[in-house]
Amino acid sequence: MHKAGESPIRRRHGSRTAFRGAAGLAALAVAGSLTAACQLTPFDDDAGSSGSPSGSAATGPAGPTSAGDDYVPGDGNGGYDVQHYSLKLNIDPNAGEQLKGTATITAKATERLARFNLDLSGLKVASIKVDDAPARQQRGGSELEVTPAKPLRKGAQFTTVIEYSGTPEPVSDPVLGTYGWIRTSDGVFVACQPSGAQTWFPSNDHPSDKATFDFEITVPQGLTAIANGEPATPPTGTGGDAPGLPGAPPSTGPGGPPSTGVPGVEPIGHRARTTSKWHVKAPMATYLATVTVGRFDVRTGRTKSGVEVISAADPTLSMVNLDAFHGLNTEITDEFAKLFGPYPFDSSGGLVDNAEVGFALETQTRPVYGSFGAEPTIVAHELAHQWFGDSVSVTGWKDIWLNEGFATYAEWLWEEKSGGRTVQEQFDERYKSPLAKDLWDHPPGDPGRKQMFGRSVYDRGGMTLVALRGRVGEETFYKILKTWADEKRHSNATTPQFIETANKVSGKKLNSFFDDWLYEKGRPAR
């Protein structure tokens, strides 16, 4: 992630670089275990829960109600492993209720469960079924407790279907700003790091539980919905007027509702809507999901290595040259594959929206950028996250430097390639700067909740990699990065595991080096 106004070498979305306003620490606190009935209140039938029984939970084993991550208290749950989310979403940015959704969640029980929890904040739940049988629900804070008709045995695969609706509210955090579901003049901008996914779909909202996704998104005709992954019908041309990215106005047939004549467009009453479908076949953390809606010009193509590239921009942003942005996405994707190993997904690209946010976020396969635009180094930062943060994801947020430090290093690399400061000059400026005290006071290896997106995580994290390159040599350094990206592809990882990889590939004992750079206060020796 990258935050606007900060050095473009810092955090982006999934890594929030300096422009990131997107996924902050949402401390949506859910105190304690939901096994205590006093911490839960049955969902109010008047709010739309009549399709599911409410009341006290069944007795018996329940999964943990948190992932146990102190950086995001209450986020995530235990007792099961989500395999797939299928989200059917009807989004109308100008309606009283902006979102009506059906979430079908396929998961595997990792222990015997009489009940389990999902993260869901603020939305109304009309019904819940587990394996086609009505389930009982209770709500407490941002927790949705689900009690199936029958307990789930350990190892069982089960399917939960939740009908829900409402207008998602953005998360406002005093440190990270506003992120999540953000209203724009013509739609919504969705960037969720770290805890915004639960504001628009029920989920196990922690990066340790990655899953594949399908999106079916219906929006008013004239708007375009762009999500992660690949569209069911490849988009072509510009303006979103092609199948897969619908946007053309409907024609009107005599005597009745509109006859659209456009693939994917269905008339509803006298108001036409368009439906697009997107598939994410590689596992994705919930905070990396997006369904950004608005009016966009679109470019499509492929890199030299054959990766599909989809780039989009709001046409009202005069500072954004879509052709240049699309070319940059294509070039950086191929160039970084030479350094970090094969691109880990089937598509790349990005989206620039008219959202008044101060960040960019590395939403998987398609980073999103606010109205400040997409500077080349920021684009490099977010695309580097596709390897480091998206494919190789953190197990817990304390290891966020594995996302942001790596993306910051890549940002410096791109500046050097473009004729700007070299990577070594970036390192030297920070190492010698009298204003860099915060780098040395806050070690990035476990920076604490308030500093999880602080300068040290970005800059000192990137400097750690520069120092490592100097210690082991450039050839060995890039072998370490490629090995890391390959061995941990589409999985979760920790800092000790990276240190182990660096030791193994280099043939050196680097533990004390990493202790100095990642865990000790004070400026490390060069």
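The values are calculated or read from the model by the stated rules, or taken from the named source; none is laboratory data. Fair warning: this is a prediction, and the values are worked out from it, not measured in the lab. Cβ atoms come from the backbone with ideal geometry, glycine included; neighbour counts cover every protein chain shown. These accessible areas exclude ligands, DNA and RNA; they are computed on the full protein's heavy atoms, side chains included. Shrake-Rupley method; radii C 1.70, N 1.55, O 1.52, S 1.80 Å.
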- Task: Find the residue count for the range 481-526, including only residues that are within 20 Å of Tyr343 (Cβ to Cβ) and outside any helix (DSSP H, G or I).
- Result: 6
- Message: Being assigned to a strand (DSSP E or B) and either open to solvent by 10 Å² or more (accessible area, probe 1.4 Å) or among the polar types (S, T, N, Q) (or both): is that true of Thr233 here?
- Response: no
- Within the range 134-185, which residues are outside any strand (DSSP E or B) and at positive phi? Gly141, Gly155
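Based on this model, can you work out whether Ala355 counts as open to solvent by 10 Å² or more (accessible area, probe 1.4 Å) and among the hydrophobic types (A, V, I, L, M, F, W, C)?
no
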- Item | Any hit, the range 162-177, residues being over 24 Å from the mean Cα position of the chain (by Cα), assigned by the TED database to the domain that holds Asp92, open to solvent by 10 Å² or more (accessible area, probe 1.4 Å) and of a type outside the set (A, V, I, L, M) | no
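Just checking, how many residues over the range 186-208 are open to solvent by 10 Å² or more (accessible area, probe 1.4 Å) and of a type in the set (D, E, K, R)?
Count: 1.
With respect to Phe158, is the statement that it is touching a Gly at 6+ places or on another chain (Cβ under 8 Å), open to solvent by less than 70 Å² (accessible area, probe 1.4 Å) and either outside the structural domain of Gly222 (by the TED database) or of a type outside the set (Gly, Ala, Ser) (or both) true? Give the derivation first.
Values: touching a Gly at 6+ places or on another chain (Cβ under 8 Å): no; open to solvent by less than 70 Å² (accessible area, probe 1.4 Å): yes; either outside the structural domain of Gly222 (by the TED database) or of a type outside the set (Gly, Ala, Ser) (or both): yes.
For Phe158, the condition - touching a Gly at 6+ places or on another chain (Cβ under 8 Å), open to solvent by less than 70 Å² (accessible area, probe 1.4 Å) and either outside the structural domain of Gly222 (by the TED database) or of a type outside the set (Gly, Ala, Ser) (or both) - is not met.
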- Item | Scope the range 315-335; condition touching a Gly at 6+ places or on another chain (Cβ under 6 Å) and either in a helix (DSSP H, G or I) or of a type in the set (Phe, Trp, Tyr) (or both); matching residues | Asn329
- (1) polar (S, T, N, Q); (2) open to solvent by 30 Å² or more (accessible area, probe 1.4 Å); (3) at pLDDT 95 or above all hold for Ser251 apart from (3)
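Return yes or no: is Thr363 in a loop (DSSP other than H, G, I, E, B) and either crowded, with 22+ Cβ neighbours inside 10 Å or in contact (Cβ under 8 Å) with a residue 60 or more places away in the chain (or both)?
yes
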- Note on the structure: Residue hits (the range 186-212; small (Gly, Ala, Ser) and assigned to a loop (DSSP other than H, G, I, E, B)) are Gly187, Ser195, Gly196, Ser208
- Taking Thr160, is it of a type outside the set (A, V, I, L, M) and touching a residue at least 60 places away in the same chain (Cβ under 8 Å)? no
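Let's see how each residue does on (1) under 19 Å from Asp205 (Cα atoms); (2) in the same structural domain as Phe158 (by the TED database); (3) more than 24 Å from the chain's Cα centre (by Cα):
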{"residue": "Tyr85", "(1), (2), (3)": "yes, yes, no"}
{"residue": "Lys88", "(1), (2), (3)": "yes, yes, no"}
{"residue": "Asp92", "(1), (2), (3)": "no, yes, no"}
{"residue": "Gly101", "(1), (2), (3)": "yes, yes, no"}
{"residue": "Lys108", "(1), (2), (3)": "yes, yes, no"}
{"residue": "Val125", "(1), (2), (3)": "yes, yes, no"}
{"residue": "Asp131", "(1), (2), (3)": "no, yes, yes"}
{"residue": "Gln137", "(1), (2), (3)": "yes, yes, yes"}
{"residue": "Ser142", "(1), (2), (3)": "yes, yes, no"}
- Note on the structure: Within the range 309-335, residues of a type in the set (D, E, K, R) and surrounded by fewer than 20 Cβ atoms within 10 Å (Cβ to Cβ) come out as Asp323, Glu331, Asp334, Glu335
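Here is a yes/no grid of residues against (1) touching an Asp or Glu at 6+ places or on another chain (Cβ under 9 Å); (2) buried (at least 22 other Cβ atoms within 10 Å of the Cβ):
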site	(1), (2)
His381	yes, yes
His385	yes, yes
Ile400	no, yes
Lys450	no, no
Tyr458	yes, yes
- In the list Lys281, Lys338, which residue meets the criterion of being within 27 Å of Ala493 (Cα to Cα), under 21 Å from the mean Cα position of the chain (by Cα), outside any loop (DSSP other than H, G, I, E, B) and of a type in the set (Lys, Arg)? Lys281
- Task: Please list, ordered by first then second residue, the pairs with beta carbon atoms under 8 Å, 6 or more apart or interchain, first in the range 93-105 and free of Cβ contacts under 8 Å to residues at least 60 places away in the same chain, second surrounded by fewer than 21 Cβ atoms within 10 Å (Cβ to Cβ) and hydroxyl-bearing (Ser, Thr, Tyr).
- Result: Thr104/Ser86; Thr104/Thr159
- Query: Among (1) more than 29 Å from Ala485 (Cβ to Cβ); (2) crowded, with 19+ Cβ neighbours inside 10 Å, which single condition is Val280 missing?
  - Reply: (1)
- Query: Is it the case that some residue within the range 361-368 is more than 21 Å from Pro342 (Cα to Cα) and in the same structural domain as His279 (by the TED database)?
  - Reply: yes
